[in-house]
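In what follows, a single structure is set out as structure tokens and then discussed.
The values are calculated or read from the model by the stated rules, or taken from the named source; none is laboratory data. Note that the structure is a prediction, hence the values are computed from the model and not measured. We place every Cβ from the backbone using ideal geometry, glycine too, and count neighbours over all the protein chains shown.
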Amino acid sequence: MESQAGGKQAAPDWPTQEKPSEKRRFVSMMDIPCVRAELEGRRIVVTNGCFDLLHVGHLRCLHFARSLGDLLWVGVNDDRSVRRQKGENRPIHPEADRAEMLAGLRPVDLVTVFSGTRATAFLQAVRPTVYVKGGDYRRETLDAEEREALDRMGVEIRFFPLVAGRSTTAAWKALHKR
């Protein structure tokens, strides 16, 4: 993992003795095929994003996503991709911290940090049954490459409605007004 300062940072040291369905844990992109094989036949739900400043909208979306299957696997944009998408002053928290925070939330079973602006490689590796995005997206506004990959795999796409007044952008603006 890369830290905000650009140096290498170790992945969180979480116990891995138990099966993924029994213990929340971090899964590297390299380890996805092995973990995915253990989960064959399970209804896997995936969501992804920056998760730079967690708020109640994120939590409600994660609970919704988890309710749709046997386990929830969250993809987290790495620091470099967050900077490309959100600007040089982001992320607020480094990728290892964001991954650890998500893994500590009740609805989240597995977390993977992925590189690149798009989640296509992560989605193709996990091969979810259901893909969930927030209500700021619609099928037509999903990245075309991601949508095509999801369609090829026969993944059900669901959207969670936005929680009024709760967004990372709103929280970021409020912090900068002070």
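Failed condition for Arg158, given (1) touching a strand residue (DSSP E or B) at 6+ places or on another chain (Cβ under 8 Å); (2) free of Cβ contacts under 8 Å to residues at least 60 places away in the same chain; (3) of a type in the set (D, E, K, R), with all others met?
Of the numbered conditions (1) touching a strand residue (DSSP E or B) at 6+ places or on another chain (Cβ under 8 Å); (2) free of Cβ contacts under 8 Å to residues at least 60 places away in the same chain; (3) of a type in the set (D, E, K, R), the odd one out for Arg158 is (2).
Would you be able to tell me the number of residues in the range 138-155 that are at positive phi and either surrounded by 11 or more Cβ atoms within 10 Å (Cβ to Cβ) or touching a residue at least 24 places away in the same chain (Cβ under 8 Å) (or both)?
In the first step, residues of the range 138-155 are kept if they are at positive phi; the result is 154.
Narrowing the set further to residues that are either surrounded by 11 or more Cβ atoms within 10 Å (Cβ to Cβ) or touching a residue at least 24 places away in the same chain (Cβ under 8 Å) (or both) leaves none.
Qualifying residue count for the region: 0.
Kindly indicate whether Leu68 is under 20 Å from Lys133 (Cα atoms) and in a helix (DSSP H, G or I).
Spelling it out, it is not the case that Leu68 is under 20 Å from Lys133 (Cα atoms) and in a helix (DSSP H, G or I).
Please go through the range 71-94 and pick out each residue that is of a type outside the set (A, V, I, L, M) and in a loop (DSSP other than H, G, I, E, B). Write out each step before concluding.
Restricting attention to the range 71-94, the residues satisfying the condition of being of a type outside the set (A, V, I, L, M) are 73, 75, 77-81, 83-91, 93-94.
Within the range 71-94, Asp78, Gly87, Glu88, Asn89, Arg90, Pro91, His93, Pro94 qualify.
If you go through the range 31-61, how many residues are outside any helix (DSSP H, G or I) and either of a type in the set (A, V, I, L, M) or out of contact with any helix residue (DSSP H, G or I) (no Cβ under 7 Å at 6 or more places or on another chain) (or both)?
Qualifying residue count for the region: 11.
So if I check each of Ser28, Ser21, which one is out of contact with any helix residue (DSSP H, G or I) (no Cβ under 6 Å at 6 or more places or on another chain) and modelled with pLDDT of 95 or more? Explain how you work it out, then say what you get.
On the way: Ser21 fails: modelled with pLDDT of 95 or more.
After applying the criteria, what remains is Ser28.
Can you report the number of residues in the range 104-123 which are in a helix (DSSP H, G or I) and under 10 Å from the mean Cα position of the chain (by Cα)?
Matching residues across the range 104-123 total 1.
What are the residue pairs meeting all of these: first residue in the range 65-87, first residue without any contact (Cβ under 8 Å) to a residue 24 or more places away in the chain, second residue part of a loop (DSSP other than H, G, I, E, B), Cβ atoms under 7 Å, and 6 or more apart or on different chains?
Arg83/Arg90
Filter the range 31-55 down to residues that are among the aliphatic types (A, V, I, L, M), surrounded by fewer than 18 Cβ atoms within 10 Å (Cβ to Cβ) and either modelled with pLDDT of 95 or more or within 14 Å of Trp73 (Cβ to Cβ) (or both), then give me how many there are.
Residues of the range 31-55 that are among the aliphatic types (A, V, I, L, M), as a first pass: 32, 35, 37, 39, 44-46, 53-54.
If we keep only those that are surrounded by fewer than 18 Cβ atoms within 10 Å (Cβ to Cβ) as well, we get 37, 54.
Going one step further and asking which of them are either modelled with pLDDT of 95 or more or within 14 Å of Trp73 (Cβ to Cβ) (or both), we end up with 37.
Qualifying residue count, the range 31-55: 1.
Suppose the filter is outside any loop (DSSP other than H, G, I, E, B), at pLDDT 95 or above and not hydrophobic (A, V, I, L, M, F, W, C); does Arg98 pass it?
yes
Cβ-Cβ under 6 Å, sequence separation 6+ or interchain: first residue in the range 118-130 and buried (at least 17 other Cβ atoms within 10 Å of the Cβ), partner of a type in the set (Phe, Trp, Tyr). Which pairs?
From the range 118-130, the pairs are Phe122/Phe114; Val126/Trp73.
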